[in-house]
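Only one structure is covered here, and it is reproduced in the block below.
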């Protein structure tokens with residue numbers, strides 16, 4: 001049936017600029033009409049099948065950014081968008097970043113990985129004071145090399161009442177992440193289970209996802225009961241809830257990544273979620289979100305169209321004003337292209353051969369880190385490395401003698417994790433790993449603090465998404481990193497996704513649109529908010 005438009009014809013406008021203006025007004029429907037051989041547009045009037053009106057070429061319903069994704073995600077986390085900024089270690093996802101997004105009721109996770117519990121504890125108190133009652137999370141990273149730190153971080157989260165944790169880089173469940181989850185369970189008067197400690201699990205492998213989608217392992221729960229970490233009642237409740245509330249599918253991302261393509265990984269893990277739900281019959285289905293490569297409206301819309309309940313950004317946020325990275329690192333990120341990244345050994349899982357994705361533009365760190373791993377594989381200890389190679393390491397890589405570095409490593413672990421020194425006492429290869437990890441660990445801190453003279457050793461975690469973002473914002477106010485705010489980035493990605501959704505609605509109806517209208521361009525957020533009334537943003 002041919003639809004017709006009925007309304008005041010004087011309200012119909014013509015031209016590409018008018019079309020784009022109406023499409024940008026996301027809070028109003030957009031009617032594309034054929035009138036006297038011309039294509040017109042309006043947001044007023046009504047559609048109907050009765051003859052006598054104007055022929056309709058296509059229409060797009062009103063669609064705001066907060067309409068995208070899973071509304072349960074927004075309700076459970078108390079946020080206004082199905083969007084989150086993921087944690088970036090060593091405080092790159094800083095207090096300022098978390099507070100800025102929390103103020104606008106957008107979820108983000110503080111980058112606690114690599115920080116000592118005392119520092120994390122200070123941040124917990126400062127965020128509570130800065131954004132009381134607002135939504136945010138803290139990261140918990142799997143740390144097989146320093147398990148005591150993972151345990152101490154969970155102690156802190158439980159004691160301080162941190163109610164949302166993003167668990168990342170887990171290769172398997174550990175007693176510590178299980179304890180956090182189970183310690184927050186309570187039974188409501190109606191018999192249902194209240195999940196007091198919300199867990200967002202970031203995964204890239206099906207076998208790891210399966211563990212977070214199922215209830216906590218009974219043996220680990222029993223052990224926690226025996227140590228008095230959880231109660232008998234909580235142990236019983238744990239049988240009826242999954243380990244996580246949200247499962248973030250991490251595709252080709254910065255930092256720890258398996259470089260998996262999102263178009264393959266996301267549908268696979270959504271199917272796995274559905275299989276587990278069918279067998280477990282949870283009261284609340286685990287939501288599945290998408291991360292890795294999300295840095296533009298098109299990417300966000302694609303992930304949501306594949307079934308993601310929410311999207312998570314990472315690399316792009318590191319180039320924003322609020323990120324805990326140096327001005328030099330942000331400048332390099334702002335200049336990066338999609339191919340300016342590579343994989344290199346990770347500091348926290350160096351001995352295991354685990355790699356992270358890094359920026360290679362403007363730094364020699366990725367190549368130097370790979371060389372250190374090759375030396376680690378080839379020799380049984382520092383003493384076995386040929387003298388010429390040792391001198392090269394001391395002069396070019398470390399700029400310190402290996403003996404001086406070992407002394408610093410000892411002082412570091414005496415304060416942080418003495419067990420590491422005990423394990424290395426009679427193990428030359430382990431001592432070599434700790435010395436090499438000294439360089440790998442400091443390089444990321446140099447990048448964050450802007451250590452002068454160490455620019456070529458900066459370790460900057462990012463994925464190809466940063467290059468795509470730079471392409472998208474080129475020519476706009478967001479091209480300059482000084483103008484990039486995490487709030488602006490979040491809002492434009494989701495606003496742009498809603499805009500492109502309306503474009504696709506029209507195209508699916510056969511409407512032909514001018515090329516200039518097919519792309520969403522970001523302009524200052526203040527201008528957006530002055531033009532269009534949005535439901536709920538910042539309330």
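The values are calculated or read from the model by the stated rules, or taken from the named source; none is laboratory data. If you're wondering where the values come from, they're calculated on a predicted model, not measured in any experiment. All Cβ positions, glycine included, derive from the backbone under ideal geometry; neighbour counts span all protein chains shown.
Summary of values
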| quantity | calculated |
| --- | --- |
| Residue check, residue 63 touching a residue at least 24 places away in the same chain (Cβ under 8 Å) and in contact with a helix residue (DSSP H, G or I) (Cβ under 8 Å, 6 or more places away or on another chain) | yes |
| Residue 45 at positive phi, in contact (Cβ under 8 Å) with a residue 60 or more places away in the chain and surrounded by 15 or more Cβ atoms within 10 Å (Cβ to Cβ) | no |
| Candidate set: segment 4-24, residues that are surrounded by fewer than 16 Cβ atoms within 10 Å (Cβ to Cβ) and in contact with a helix residue (DSSP H, G or I) (Cβ under 8 Å, 6 or more places away or on another chain); chosen: the one modelled with the highest pLDDT | 13 |
| Helices (runs of 4 or more DSSP H) contained in segment 186-267 and holding at least 2 residues in contact (Cβ under 8 Å) with a residue 12 or more places away in the chain, assigned by TED's automatic domain parsing to the domain that holds residue 168 and closer than 24 Å to residue 107 by Cβ | 206-213 |
| Criterion: modelled with pLDDT under 95, farther than 22 Å from residue 415 by Cβ and crowded, with 20+ Cβ neighbours inside 10 Å - qualifying residue of 169, 137 | 169 |
| Any hit, segment 433-440, residues being farther than 27 Å from residue 324 by Cα and either part of a loop (DSSP other than H, G, I, E, B) or touching a helix residue (DSSP H, G or I) at 6+ places or on another chain (Cβ under 9 Å) (or both) | yes |
| Helices (runs of 4 or more DSSP H) wholly inside segment 378-432 that include at least 2 residues being crowded, with 16+ Cβ neighbours inside 10 Å and assigned by TED's automatic domain parsing to the domain that holds residue 364 | 402-416, 418-424 |
| Test: residue 89 is surrounded by 16 or more Cβ atoms within 10 Å (Cβ to Cβ) and touching a residue at least 40 places away in the same chain (Cβ under 8 Å) | yes |
| Test: residue in segment 352-362 that is assigned to a helix (DSSP H, G or I), in contact with a strand residue (DSSP E or B) (Cβ under 8 Å, 6 or more places away or on another chain), closer than 25 Å to residue 115 by Cβ and modelled with pLDDT of 95 or more | no |
| Answer from 26, 19 - the residue that is within 19 Å of residue 495 (Cα to Cα), part of a loop (DSSP other than H, G, I, E, B) and under 35 Å from the mean Cα position of the chain (by Cα) | 26 |
| Candidates 347, 329, 303, 325, filtered to the one that is in contact with a helix residue (DSSP H, G or I) (Cβ under 8 Å, 6 or more places away or on another chain), modelled with pLDDT of 95 or more and in a loop (DSSP other than H, G, I, E, B) | 325 |
| Exclusive hit being under 21 Å from the mean Cα position of the chain (by Cα), surrounded by fewer than 24 Cβ atoms within 10 Å (Cβ to Cβ) and either free of Cβ contacts under 8 Å to residues at least 60 places away in the same chain or over 29 Å from residue 437 (Cβ atoms) (or both), set 339, 347, 305, 300 | 305 |
